[in-house]
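Read-outs: derived from the displayed coordinates by stated rules, not from any lab. Everything numeric here is computed off the predicted structure, so don't read it as measured data. All Cβ positions, even for glycine, are placed from backbone atoms using ideal geometry, and neighbour counts span all protein chains on display.
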Amino acid sequence: MDYLVDTNVLLRAIAAADQSRIVARQAIRTLLRNGADLCVAPQNLVEFWCASTRPAKDNGLGKTVAATDRYCCFIESFLAVLPETAAVFAEWRSLVVAHGVHGKQVYDARLVATMKAHAIGKILTFNVQDFTRYKDVGVEAVHPGMV
């Protein structure tokens, strides 16, 4: 795999009112057209489900369970879903200690652990700054606008 696609890219790609919708979609299309292998971690789909089904008044998309299921099926049709392995947890444990990770930053560390366990070097994300601490372990964060 070449890129792990972050949850924020998936969510913006389906959010009709989001100004980044076109950028998210175009980045995915361009990478696929150029032969890149794209994937997601199971965690990405869990986060996607949470934000998609959360009410709009609570910073979610307010989608139904049925609509969210259709979106997930669509995502899974063109993005590989990486297996969760014991190596992911071991890598995560090492990363959070080595990088002093705390609070909600543990979720990004888990994505990085998944990437390391599956030898993926890039993450497509709108939150590039959240992944800069992991340059030393070979993770490059790429903003969809730079694709």
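The residue list PHE48, GLN19, TYR107 was ranked by how far each Cα lies along the charge dipole of the chain toward its positive end, using unit charges on Cβ atoms, and GLN19 comes out on top. Taking amide hydrogens as placed 1.01 Å from N in the peptide plane, the amide H of LYS122 sits under 5 Å from those of LEU4, GLU140, each at least 5 positions away in sequence or on another chain. Ranked by the mean number of other Cβ atoms within 10 Å of their residues, highest first, the peptides 1-8, 98-105, 118-125, 130-137 come out as 1-8, 118-125, 130-137, 98-105. Helix-only arithmetic for the chain: the sum of -39500 (n - 2.57) across DSSP H runs with n ≥ 4, divided by the residue total, places the mean residue ellipticity at 222 nm at -15500 deg cm²/dmol.
Listed values [x] 149; [y] 98; [z] 108 include one computed from this model; for volume of the Cα convex hull per residue in Å³ that value carries the label [z]. Rounding to the nearest 10 and keeping the result within 0 to 90°, find how far the Cα-based axis of helix 21-33 lies from the longest principal axis of the chain. Long axis of 21-33 versus the principal axis of the chain: about 60 degrees. Once the Cα atoms are used to define both axes, helix 42-53 deviates from the longest principal axis of the chain by about 30 degrees. Within a straight-line Cα-Cα reach of under 25 Å, LYS57 can be paired with the following lysines, leaving aside sequence neighbours fewer than 8 residues apart in one chain: LYS104.
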